[in-house]
Amino acid sequence: MPQLWGRHFTRADLMARIGDVSQVGGVRASRLDGGPGDGLPLVDLDTGAGLRFTVVPGRALDISAAWFNDVPLGYRTPTGEVDGARYEPQGWGWIRSTVLGLLVTGGLDNVGNPASESDAFFAREFGLHGRLSNLAASNVSADGEWRGDDYEMWVQGRVRQAALMGENLELKRRISTSLGATSLRIHDEVTNLGAAPEPVMILYHVNPGYPVLDDGARLHVRSRSRRPYDEHSASLEAEWATYGPPTPGWRQAVWMHDAAPDAEGRVHAALVNRRFRGGIGLGLTYRKDQLPHLNQWKMTSAGEYVTGIEPGNCTVLGRETNRADGTLQVLDPGETAEFDLDLSVLDGAEAIDQFLARVGA
């Protein structure tokens, strides 16, 4: 039953007062016109309760722009929306075609540092965060419908990452929410459609930006231990949870957390800014057995003011290091791995406190 403007509505109550759900929220498809994203299909979802966001089927059904009561939730790079065909796969070229936005997905062949390896056929190069976010989805469906007194909305599709004499992997993704909601859910299934075992890496690169991220913001997670990315990150260990203002010349720092799950096996993490109005935050909930690693990227330079809260089935140290560490997940032919992630807007002190009670930190 949707809650809108402080009131709960049954389907009959609401529809007696409007001509169509699109008056208060819903799902709408469109395409970009002009620029490096010319022709990219978009799907906008609006819950009517302040949360609206844009899913990009042309880029693995990632979530680019997102707002809550017109407050932006994610950081956007100066590249803007870029068609995946403009992807530069070598080394760190990924950064030339990503807008980041609320969510960009790393994988499926690599996450983090570029890597290389050779097999019986040829030498392979794996760029930063892999190819997935530059691949277009097929069989895309976007719609909404009443189910009892709840109006549910979704967009779903399939993304194939494949090559002759290479991997043959398919991501099946469904992003859903409902009228009156202040949260969304991502359900992914990755299947090895090939004839040989295949490594699978996936990273949910969630990118809070200003004003959720600002001076005084704090990352809340019950971290049992942290592994720094490099010596510079290790030198900032005492500051991993806190954020200051934009700082010219800031050098990125990264930590990989072993986050403690709750009694039901779920990890809760949140970036919270209590200084903005009555307080705002972005909360993440996911299953530890699906996504055992929480990667944290802290990049608070002037103009590049963003943090990454990044659950993954691997660390951001790249394919080679994950293989050496024993953290590289391998799917047998026909095997499927499932991944679930909930994103919640925390609006005000009460919502923040309720979520942090689940964090337990």
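Just so you know, all these numbers are worked out from the coordinates, no wet-lab data involved. In this text the structure is predicted, and so the values were computed from the model without any measurement. Note that we place each Cβ from the backbone using ideal geometry, even for glycine, and neighbour counts take in every protein chain shown.
Odds and ends about this structure:
- Calculated mean residue ellipticity, 222 nm, the chain: -2000 deg cm²/dmol, from DSSP H runs (n ≥ 4) at -39500 (n - 2.57) each, averaged per residue and rounded to 500.
- Fluctuation leader among Phe122, Phe339, Phe68 - the chain, Gaussian network, Cα springs under 10 angstrom: Phe122
- Value of relative contact order over the range 271-361, rounded to a whole percent, pairs C-alpha under 8 Å and six or more apart: 36
- Amide H contacts of Gln329 (H built 1.01 Å from N, under 5 Å, at least 5 apart or other chain): Val200
- Placed amide H near Leu32: partners under 5 Å, 5+ positions off or other chain: Gly39, Leu40, Leu42
- For the chain, the relative contact order works out to 16 percent when only alpha carbon pairs closer than 8 Å and six or more residues apart are counted.
- Backbone HN-Hα couplings from phi across the range 344-355 [Karplus 6.51/-1.76/1.60, Hz, Gly and Pro as x]: 10, 7, 9, 9, x, 4, 5, 5, 4, 5, 5, 5
- The range 229-293 and the range 12-70 have their alpha-carbon centroids 28 Å apart.
- Couplings for the range 303-319, taken from phi via the Karplus curve 6.51 cos²θ - 1.76 cosθ + 1.60 with θ = phi - 60°, read x, 10, 9, 7, 10, x, 10, 10, x, x, 8, 7, 9, 8, 7, x, 4 Hz in order; Gly and Pro are left as x.
- Whole-Hz ³J(HN,Hα) from phi, Karplus 6.51 cos²θ - 1.76 cosθ + 1.60, for the range 187-199, glycine and proline x: 10, 10, 10, 10, 10, 8, 8, x, 9, 9, x, 9, x
- GNM result for the chain, Cα springs below 10 Å: residue of Ala270, Ala142, Ala324 fluctuating most strongly: Ala324
- Between Thr10 and Arg96, the simple label model (points 7 Å from Cα in the Cβ direction) yields a spacing of 6.0 nm.
- Cα shape, the chain, gyration tensor, a/c 1.5 rule: oblate
- For the range 297-315 versus the range 128-150, the gap between their alpha-carbon centres in whole angstrom: 24
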